[in-house]
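Q: Before anything else, here's the structure in question.
The values are calculated or read from the model by the stated rules, or taken from the named source; none is laboratory data. Fair warning: this is a prediction, and the values are worked out from it, not measured in the lab. Note that each Cβ is placed from the backbone with ideal geometry, even for glycine, and that neighbours are counted across all protein chains shown.
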């Protein structure tokens, strides 16, 4: 596996990976209605690209296929961290998260973790600050504000 910086040409693969991962991996913790508003299949690609270019963004690649991606702000907020549905449990999220955390000069890291991702972040030393409900198109989704000191 290779980790490298994000390129705008990665966006098509990333958008499909995001949709597929949410609708399979997160299906154990969220309803179909919740999954449909979380990952609609209609991403604002221009906004995602701008966000990825503003943040420190990495992709994980195996055999020229993007198998994971993550991004972090300069303040230490992990915005997105997703691993391809067929590559779960292979250390890709750990490698991405290690690289993201090591790239930023911050004393503290934060994220808004899904129910599914919460145990991963807890194993990394993050603690839950609070559970919260996020509304998307009138549908409530639970996630967790989590933080870790460096």
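Q: Can you name every one of the strands (runs of 3 or more DSSP E) wholly within region 44-150 that holds 2 or more residues which are under 14 Å from the mean Cα position of the chain (by Cα)?
A: 56-62, 65-72, 77-83, 108-114, 139-149
Q: What is the one condition in (1) loosely packed, with under 12 Cβ neighbours inside 10 Å; (2) touching a strand residue (DSSP E or B) at 6+ places or on another chain (Cβ under 8 Å) that residue 51 does not satisfy?
A: Result: residue 51 fails condition (1) only.
Q: Would you check which residues across region 102-114 are out of contact with any strand residue (DSSP E or B) (no Cβ under 6 Å at 6 or more places or on another chain) and at pLDDT 95 or above and list them?
A: Matches in region 102-114: 102 only.
Q: Looking at region 35-48, can you tell me whether even one residue there is within 13 Å of residue 81 (Cα to Cα) and surrounded by 15 or more Cβ atoms within 10 Å (Cβ to Cβ)?
A: No, because not a single residue in region 35-48 is within 13 Å of residue 81 (Cα to Cα) and surrounded by 15 or more Cβ atoms within 10 Å (Cβ to Cβ).
Q: Can you go through 99, 60, 93 and tell me which one is over 26 Å from residue 139 (Cα atoms), surrounded by 15 or more Cβ atoms within 10 Å (Cβ to Cβ) and free of Cβ contacts under 8 Å to residues at least 40 places away in the same chain?
A: 93
Q: Across region 8-33, what is the number of residues that are out of contact with any helix residue (DSSP H, G or I) (no Cβ under 7 Å at 6 or more places or on another chain), touching a residue at least 40 places away in the same chain (Cβ under 8 Å), surrounded by fewer than 18 Cβ atoms within 10 Å (Cβ to Cβ) and outside any loop (DSSP other than H, G, I, E, B)?
A: So the answer is 3.
Q: Can you give me the number of residues within region 118-135 that are within 16 Å of residue 79 (Cβ to Cβ) and out of contact with any strand residue (DSSP E or B) (no Cβ under 7 Å at 6 or more places or on another chain)?
A: Total satisfying the criteria: 1.
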